[in-house]
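The values are calculated or read from the model by the stated rules, or taken from the named source; none is laboratory data. Note that the coordinates shown come from a computational prediction; the quantities given were computed from them, not determined experimentally. A quick note on method: Cβ atoms are made from the backbone with ideal geometry, for glycine too, and the neighbour counts reach across all protein chains shown.
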Amino acid sequence: MLHPAGLAARRSVALGVIALLAVLYLSRLAGYPLQDPDEGRYTEIPREMLASGDWITPRLNYVEYFEKPPLLYWLVGASLRGLGATEGAARLVPALAALGTVALTYALSRRLLGTRAALLAVVILATTPLFYVFSQFVVIDMLLTFLLTACVGAIWLLRDGSPSETGWWPLIAASTAALAVLAKGLIGLALPGLVLLVASLVDRDRRTLASLARPGPIVCFLAIAAPWFVVMALRHPEFVHEFFVREHLQRFATDEVGHPEGPLFYFPVLLGGALPWTLLATALALTRSGRAAWRTIARERRRFLLVWITTVVVFFSAARSKLAGYVLPALPPTAMVLAAWLDRVDDDRMRDCRLPTAACAGLLLLLGSVLVLAGGALPYFVPWLPRDVVPPTGSEMPQVRFALLMSGCASLAGGVWTLPVTGREARPLATSVVAIAASLTLVLYALIGVRALVPNSRRVAEAVARIARPGDAIVQYRTLMQGLPFYLHDRVIEVGDPGEIALGAKRSPERTRYFWDGIDQLAQAWSSERGVLVATTPHHLPELMSRLTPTPRIVVHDGRRVLLANHDTR
């Protein structure tokens, strides 16, 4: 039985870790503008749901938008209603999903791999750069990662327990898979289903499949996942083709929809996005004791984690459309298997593992040097940087420079502390991992400030709010700034191809009013007595300056966004 003093110490450590994670993941959500296109899109759709009272049909710039299911919209909408229509309220949803994923990773690891491995898994996952970055942006991938981790974790616990211990795991797996479908479509069922199928084939396990194929889990899944799809199909007959055929089959198998990339796209994403942990794993594999420690991990648990990781990566690599965030569901099992490996290295007292800590220390020192040099030299290079990277005003540069310098110093400190010293007994590898993670925490916390430079619509919206008169037309010319309607809390007129809302625009009963065909219609409105404000990109500025009469007044020009007015804005 644990001594009361030891129990109190463990509780203090646990509370300290929770507080640190809360600061890291929750304290820097507000203040930064919403990034276009993703954050603008996934925040504006919930805002329009709130404004219209229609929580069934998603709309973007007030036209039907069928690309994604509604779960993220519902959660962000609830956050906006409770906390106000702010950037921080919107970003709270992915941040909490990330913290939930970390908690699930701890619970699964503690149950199946041991307490020390669970703590290491938390440390590794929470400080993985790719995981942290996506927790700070309003996108679906982090919510999907949380739900898939819960689903596959329930399957793992179902497989690992005896028949008398399975309990609620089949229903939990079914319900979380259903919620994953509501988050991002059929992939919420396909991915855990493939993990289950491959693991069952490898281990010749029929019991788990039989447990999940019973009426209870099936009814539970359908009761949660099906109603929204049924209502949408009844309301919008075109929904079935656009959602299931265009957004699933064509996006997976063709280059017509999405972001086509090659089959090796995720290799550099995982290698670089999970540094320095991928470097640590590589260095462990190069040492004799590291390979010996790998073989001591329980075979069936090691194999399930590898099946989980491989299935996610192979599935998304096979798809034609690829984005970095798609592979996030592979990170929790990656953290777990690496934590189990590190736990075995220290448990078996395998001490010829200076190479892994030296490699990580070297990486931290190199990264710190680059960041400090970049921060120190930034003022001298700003005049030569492209204007689409650095706005002419340079107002964001002080906080970007501070972020670079602070993160660089943190990285250097972590590298110096971690670097093995010749002649001393090697410290436990787990201790070095904690030191590396502490350094990474400071690096990530400071470096996230660089997102002040991401493309956004807030400055344009602020200018519009300042100078617009009642009845003025707010127009976007041949661009789609998804965040602009959110910041204006109003609809904008689209001129030219409306991009991803083109299908919704064709069906809109107000098409002629809010979707103008080209510059001729804009020029006619521009030369009328009506006030017109045009948001566009610098690429289209020469055309507009030459075609519009009277000559446009430039209100905003920040290198990425331009705002023009046809009237005096003083």
(request) Among the residues of region 285-318, write down those that are buried (at least 19 other Cβ atoms within 10 Å of the Cβ), under 27 Å from the mean Cα position of the chain (by Cα) and of a type in the set (Gly, Ala, Ser). (result) none
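Give the residues of region 1-48 that are in a helix (DSSP H, G or I), surrounded by fewer than 16 Cβ atoms within 10 Å (Cβ to Cβ) and either hydrophobic (A, V, I, L, M, F, W, C) or modelled with pLDDT of 85 or more (or both), sorted by residue number.
Ala5, Leu7, Ala8, Ala9, Val13, Ala14, Leu15, Ile18, Ala19, Leu20, Ala22, Val23
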(request) Please work out if Leu222 is modelled with pLDDT of 90 or more and either over 31 Å from the mean Cα position of the chain (by Cα) or in the same structural domain as Gly504 (by TED's automatic domain parsing) (or both). (result) no
(message) Among the residues of region 68-89, are any surrounded by 22 or more Cβ atoms within 10 Å (Cβ to Cβ), out of contact with any helix residue (DSSP H, G or I) (no Cβ under 6 Å at 6 or more places or on another chain) and in contact (Cβ under 8 Å) with a residue 60 or more places away in the chain?
(response) no
(request) Within region 469-495, track down each residue that is among the hydrophobic types (A, V, I, L, M, F, W, C) and either in contact with a His (Cβ under 8 Å, 6 or more places away or on another chain) or farther than 21 Å from Ile519 by Cα (or both). (result) Phe486, Leu488
(request) Assess whether Tyr65 counts as being of a type in the set (Phe, Trp, Tyr), touching a Leu at 6+ places or on another chain (Cβ under 7 Å) and surrounded by fewer than 24 Cβ atoms within 10 Å (Cβ to Cβ). (result) no
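Would you point out which residue out of Ala233, Ala190, Ala199, Ala226 is under 29 Å from Thr57 (Cα atoms), touching a residue at least 40 places away in the same chain (Cβ under 8 Å) and either part of a helix (DSSP H, G or I) or of a type outside the set (A, V, I, L, M) (or both)?
On inspection, the qualifying residue turns out to be Ala190.
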(message) Looking only at region 362-375, filter to residues that are within 27 Å of Arg291 (Cβ to Cβ) and at pLDDT 80 or above; which one of those is surrounded by the most Cβ atoms within 10 Å (Cβ to Cβ)?
(response) Leu364
(message) Take Ala465 and tell me if it is under 19 Å from Arg47 (Cα atoms) and free of Cβ contacts under 8 Å to residues at least 60 places away in the same chain.
(response) yes
(request) Counting only residues that are of a type in the set (Phe, Trp, Tyr), give me the helices (runs of 4 or more DSSP H) lying completely in region 464-570 with at least 1 of them. (result) 483-488, 511-514, 519-526
(request) Being of a type in the set (A, V, I, L, M) and either over 36 Å from the mean Cα position of the chain (by Cα) or exposed (fewer than 13 other Cβ atoms within 10 Å of the Cβ) (or both) is the filter here, so list the residues in region 505-543 that pass it. (result) Ile519, Leu522, Ala523, Ala525, Val532
(message) If I filter region 419-432 for residues that are modelled with pLDDT of 80 or more, more than 28 Å from the chain's Cα centre (by Cα) and either crowded, with 19+ Cβ neighbours inside 10 Å or of a type in the set (A, V, I, L, M) (or both), do I get at least one hit?
(response) no
(message) Looking only at region 490-504, filter to residues that are β-branched (Val, Ile, Thr) and more than 26 Å from the chain's Cα centre (by Cα); which one of those is nearest to Glu48 (Cα to Cα)?
(response) Val492
(request) Return yes when Phe304 is among the aromatic types (Phe, Trp, Tyr), at pLDDT below 85 and not assigned by TED's automatic domain parsing to the domain that holds Thr418 and no when it is not. (result) no
(message) Looking at Thr512, Thr551, Thr536 in this structure, which one is of a type in the set (S, T, N, Q) and within 16 Å of Val464 (Cβ to Cβ)?
(response) Thr536
(request) Show the residue pairs that are 6+ apart or on different chains and have beta-carbon atoms under 7 Å apart, the first residue being within region 332-344 and outside any helix (DSSP H, G or I), the second being of a type in the set (Asp, Glu). (result) none
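Residue-by-condition table, conditions (1) over 30 Å from Ala274 (Cα atoms); (2) modelled with pLDDT of 90 or more:
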{"position": "Thr441", "(1), (2)": "no, no"}
{"position": "Leu453", "(1), (2)": "no, no"}
{"position": "Arg459", "(1), (2)": "yes, no"}
{"position": "Met481", "(1), (2)": "yes, no"}
{"position": "Leu488", "(1), (2)": "yes, yes"}
{"position": "Gly499", "(1), (2)": "yes, no"}
{"position": "Trp516", "(1), (2)": "yes, no"}
